[in-house]
Amino acid sequence: MASAAFAMIVLVMKVTLMGSLSLRNRSQERMDALNLRMRVMDIMEKDLRQCLLKGTPFAQEFLGDSQGQGLTRNDQLTFYTASGVIQTNLPWGHLQKISYYLQQPLSDLQQEEEEGWALYREVTRNLAPAGGVEILMTPKPLARGVHSLAFQYYDGEYWQETWDSSTEEAELPLAVRIRLTFLPENPQERSRALSDDGYYPMLQTTVPLMSEAQVAENNSENQENSENAEETAPSGGR
């Protein structure tokens, strides 16, 4: 009887310990996934904060295209930025062309499609090559299991769903809002979400841009201040 009781106690301790370890592993996996997604948002924010004006020699466009609606958006954004990293073995500077888009990924065996989309960051370096050919780096997915990617552009009054610097009066929007929606990690929650009854994890941020309108306004204010200072300054010499 004592041996049976001891065996029952050990069994209960083992089940409790295994449950605790399983809960810890699931929590760690969720934290790792969240940290990876936050890292993706940091990269996108850094690129947009250093976005170049269209009037500069190497910035030719700021183009945002929208496809889909609601939680099934598949937007694309192309712009020029100074967020490039200088490397000693490569003759490229900070300037680079960035494109963000979603694409259906393949598994590691390249035999079957995965669930959800992959977020790609396409980088073009060497924007002013001697031979006249830009160098497109091989695009790599920043994140997998993405359900939706949406960009919105603030023009000073309203949030626009698309943006084309060649047709807009302001070459750059005042701010860009990013909304990135993922598929749940849990298979049961994922199947429930795909049936439109579940919850999709989402990250959202708003990035202000240094627009041309703000620069022009600052220049006009400085000119007015200098003119006022000249008018109020006392005349005469020493």
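Each of Q103 and K46 was given a label point 7 Å from its Cα along the Cα-to-Cβ line. The distance between the two points is 2.2 nm.
Per-residue SASA remark: L11, around 90 Å² accessible (1.4 Å probe; ligands, DNA and RNA not included). Projecting label points 7 angstrom from Cα along Cα→Cβ for Q67 and Q160 puts them 2.1 nm apart. For the residues I98, I43, a 1.4 Å probe over the protein chains yields an accessible-area ranking, largest first, of I43, I98. With 0.36 nm allotted per residue and the present C-alpha distance subtracted, the T16-L53 stretch has 7.4 nm of extension available.
Spacing of the modelled spin labels on V85 and N35, each 7 Å from Cα toward Cβ, amounts to 1.8 nm.
The values are calculated or read from the model by the stated rules, or taken from the named source; none is laboratory data. Everything numeric here is computed off the predicted structure, so don't read it as measured data. Neighbour counts run over all protein chains shown; Cβ positions are idealised from the backbone, glycine included. When the accessible area is computed, the model is the full protein with side chains, heavy atoms only, and any ligands, DNA or RNA have been set aside. Shrake-Rupley method; radii C 1.70, N 1.55, O 1.52, S 1.80 Å.
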